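Below you'll find the structure, written out as structure tokens, and then a few comments.
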Amino acid sequence: METVTTGKSHRILFFNTLAFTVCFAAWMMNGVLVTYLVNNDIFKWSPVQIGWLLGVPVLVGSILRLPVGMLTDKYGGKWVMGAILLFCAVPMFFLSQANSFLSFLLLSFGFGMAGSIFAAGVAYTSLWYPKEKQGTALGIFGIGNAGAALTTLFAPTILNKLTQHGTNPDAWRILPQLYAAMLVVMAIVFLLATKNRKPTEVKTMVQRLAPLKEMRVWRFGLYYFFVFGSIVTLAQWLIPYYVNMYSLSIVAAGIMVSAFSLPAGLIRAAGGWLSDKVGARLVMIWVFGVSIVCLFFLFPPRMEIRAPGQGIMASKPGTVTEISDSAITIDDAIYTLQTKGADTSPTEVRLGIFHNAEEDFTALPTSSFWQEPQVQKGDTVSKGQLLAKGFTHIYFQANKWIFFVLVFILGIMMGIGTAAVYKHISDYYPTNIGTVGGIVGVIGGLGGFFNPILFGYLLKGTGVWTTCWMYLAVIAIICIIFQRSAIKAAKISGEQK
């Protein structure tokens, strides 16, 4: 087997990446299609049914990564990846004939296998590159994740054109047919352009599964649960997040989400290159560290709080002789009120009394304070009596552009992290990448399935959208604790990796 990089290696890598991109685009299609069908009242599916239709392809594609990785080690990536492309085209085509929730669900099980191609591609790609370049190669292959962003970005526009902007709604059925044709064409090109290769070492089933007994494999799976699972989750979750938190349209939200998921996929190549140069361990430390910082800044929700403030009490007894918007007069004593309103005098602007919640840029929380009279003209008041009640209004805009930048950085870090995890696998398990990469991919994919469900329960239980970032921060902290513990244990045992 060749141990140096050749032109053939680059050709295999190119077609592997292209096939992965096509499969990933098909894998994520339900996110756009189901949302369109429900929003246009073509099908009356409940939120629970929608959740299943979105989650089932992710679940199936994740669970099948382990057996697909094992099959790739045994039969070679050309045949396994080609078979996945052809197989998934069948249920994808018949999705265009679906007329019920059950038929949609069963066919989603079928084309959900598209997500498992990742395990085959990782094992197949690694065989064409020497160990010192596998991180870069796998990082380039991982660019195929951008297929999800391509679907999010272009599928809504294609649907609008197919249905003539809603005047011919039944034309949505052409979209899955187009995806099926794309899968078939990709399968033909892939089978013609690639050459099969499989590991030279023949292993029994027991030998292939042996690494699963090691805690290190499950630790890598936890890392992938955070980085890859979060990318898949946020690619779907951020759309309702932007709509609810910032009142964006679905189209605008889709563009913002594409600006997260597309770079997260493209940056994997840089993550692989970095892992080759400085080591996957150092890269993962930075990934977890920067992610935790960004997540902490995302904790404060967009909020408005009205709380009691400092009031005004009478310094001596008397009779209220005059009340205006700015003062209360008691005999010869004048008590000045802090007012609320559209007065933009320098003092009030400085105090934060007036702001435009939609247009003002407030990077940090601001507060407004005012007082309202509690007495009327002619009232007799005693010393110490409350004349005006104080109110404090605390406002945090959670500016969408600051939010966007933080989420963008998160996507970059997670994209780099996905490549670093598989560089770890190629370092520790060079002859068993299919099986180990498969189980790690399963765990990461399960993150993409379960995290939206957990996000939903957190939102329902607290009513706070930003609980999703708190949850992810906990996962990242657990990851970095496990990693530091593993590094310490490795130093004690003299292990260098």
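Looking for whichever is over 30 Å from S247 (Cα atoms) and at pLDDT below 85 here; the options are G384, G390, G438. Which one fits?
Residue meeting the stated conditions: G438.
Give the residues of the stretch 11-55 that are farther than 26 Å from T157 by Cβ and either basic (K, R) or not assigned by TED's automatic domain parsing to the domain that holds F450 (or both), sorted by residue number.
Result: R11, single match.
Among the numbered conditions (1) in contact (Cβ under 8 Å) with a residue 60 or more places away in the chain; (2) of a type in the set (A, V, I, L, M, F, W, C); (3) under 24 Å from L209 (Cα atoms), tell me where V80 comes up short.
V80 satisfies all of (1) in contact (Cβ under 8 Å) with a residue 60 or more places away in the chain; (2) of a type in the set (A, V, I, L, M, F, W, C); (3) under 24 Å from L209 (Cα atoms) except (1).
Per-residue answers, yes or no, for (1) more than 22 Å from S368 (Cβ to Cβ); (2) exposed (fewer than 13 other Cβ atoms within 10 Å of the Cβ); (3) modelled with pLDDT of 85 or more:
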| position | (1), (2), (3) |
| --- | --- |
| V283 | yes, no, yes |
| V287 | yes, no, yes |
| V293 | yes, no, yes |
| R306 | no, yes, no |
| S315 | yes, yes, yes |
| G318 | yes, no, yes |
| I330 | yes, no, yes |
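Does L410 fit the bill of being crowded, with 22+ Cβ neighbours inside 10 Å, assigned to a helix (DSSP H, G or I) and in the same structural domain as V58 (by TED's automatic domain parsing)?
Considered against the rule, which asks whether it is crowded, with 22+ Cβ neighbours inside 10 Å, assigned to a helix (DSSP H, G or I) and in the same structural domain as V58 (by TED's automatic domain parsing), L410 comes out as yes.
Name the helices (runs of 4 or more DSSP H) wholly inside the stretch 112-203 in which the number of residues that are more than 29 Å from the chain's Cα centre (by Cα) is 2 or more.
Filter on the stretch 112-203 gives 174-193.
Being under 12 Å from K389 (Cβ atoms), part of a loop (DSSP other than H, G, I, E, B) and among the aliphatic types (A, V, I, L, M) is the filter here, so list the residues in the stretch 303-340 that pass it.
Selection gives L337 alone.
Select from the stretch 1-33 the residues that are modelled with pLDDT under 85 and within 20 Å of A180 (Cα to Cα) and list them in ascending order.
Matches in the stretch 1-33: M28, G31, V32.
Only one of (1) within 23 Å of I188 (Cα to Cα); (2) crowded, with 17+ Cβ neighbours inside 10 Å; (3) aromatic (F, W, Y) is not met by F87, so which one is it?
If we test F87 against (1) within 23 Å of I188 (Cα to Cα); (2) crowded, with 17+ Cβ neighbours inside 10 Å; (3) aromatic (F, W, Y), just (2) comes out false.
For the condition modelled with pLDDT under 85 and surrounded by 15 or more Cβ atoms within 10 Å (Cβ to Cβ), what is the one hit in L472, L459?
It is L459.
Residue check, F361 against (1) over 21 Å from K383 (Cα atoms); (2) modelled with pLDDT of 55 or more; (3) surrounded by 13 or more Cβ atoms within 10 Å (Cβ to Cβ); (4) within 43 Å of the chain's Cα centre (by Cα), all met but one. Which one?
(3)
One residue is enough: does the stretch 221-244 have a residue meeting the conditions in the same structural domain as V290 (by TED's automatic domain parsing), farther than 25 Å from P57 by Cβ and either aliphatic (A, V, I, L, M) or part of a helix (DSSP H, G or I) (or both)?
no
Determine whether the stretch 110-133 contains at least one residue that is of a type in the set (K, R), within 20 Å of F190 (Cβ to Cβ) and either assigned by TED's automatic domain parsing to the domain that holds R281 or out of contact with any Phe, Trp or Tyr (no Cβ under 6 Å at 6 or more places or on another chain) (or both).
no
Among (1) within 30 Å of Y124 (Cβ to Cβ); (2) assigned to a helix (DSSP H, G or I); (3) at pLDDT below 80, which single condition is Q496 missing?
Checking Q496 against (1) within 30 Å of Y124 (Cβ to Cβ); (2) assigned to a helix (DSSP H, G or I); (3) at pLDDT below 80, the one that fails is (2).
Read through the list (1) within 23 Å of A149 (Cα to Cα); (2) among the aromatic types (F, W, Y); (3) surrounded by fewer than 21 Cβ atoms within 10 Å (Cβ to Cβ), then give the number of the only condition that W27 fails.
With respect to (1) within 23 Å of A149 (Cα to Cα); (2) among the aromatic types (F, W, Y); (3) surrounded by fewer than 21 Cβ atoms within 10 Å (Cβ to Cβ), W27 is out only on (3).
Determine, yes or no, whether L107 is aliphatic (A, V, I, L, M) and in contact with a Pro (Cβ under 6 Å, 6 or more places away or on another chain).
Answer is yes for this residue.
Look through N399, N451 and report the one residue that is surrounded by fewer than 22 Cβ atoms within 10 Å (Cβ to Cβ), touching a residue at least 12 places away in the same chain (Cβ under 8 Å) and touching a Ser or Thr at 6+ places or on another chain (Cβ under 8 Å).
Checking each option against the conditions leaves just N399.
Working only within the stretch 413-433, note down all residues that are crowded, with 24+ Cβ neighbours inside 10 Å and farther than 19 Å from N145 by Cβ.
N432
Check L53 against each of (1) under 24 Å from the mean Cα position of the chain (by Cα); (2) surrounded by fewer than 17 Cβ atoms within 10 Å (Cβ to Cβ); (3) without any contact (Cβ under 8 Å) to a residue 60 or more places away in the chain and name the one condition it does not meet.
With (1) under 24 Å from the mean Cα position of the chain (by Cα); (2) surrounded by fewer than 17 Cβ atoms within 10 Å (Cβ to Cβ); (3) without any contact (Cβ under 8 Å) to a residue 60 or more places away in the chain applied to L53, the lone miss is (2).
The values are calculated or read from the model by the stated rules, or taken from the named source; none is laboratory data. Every value quoted in this text rests on a predicted model; they were computed, and no experiment measured them. All Cβ positions, glycine included, derive from the backbone under ideal geometry; neighbour counts span all protein chains shown.
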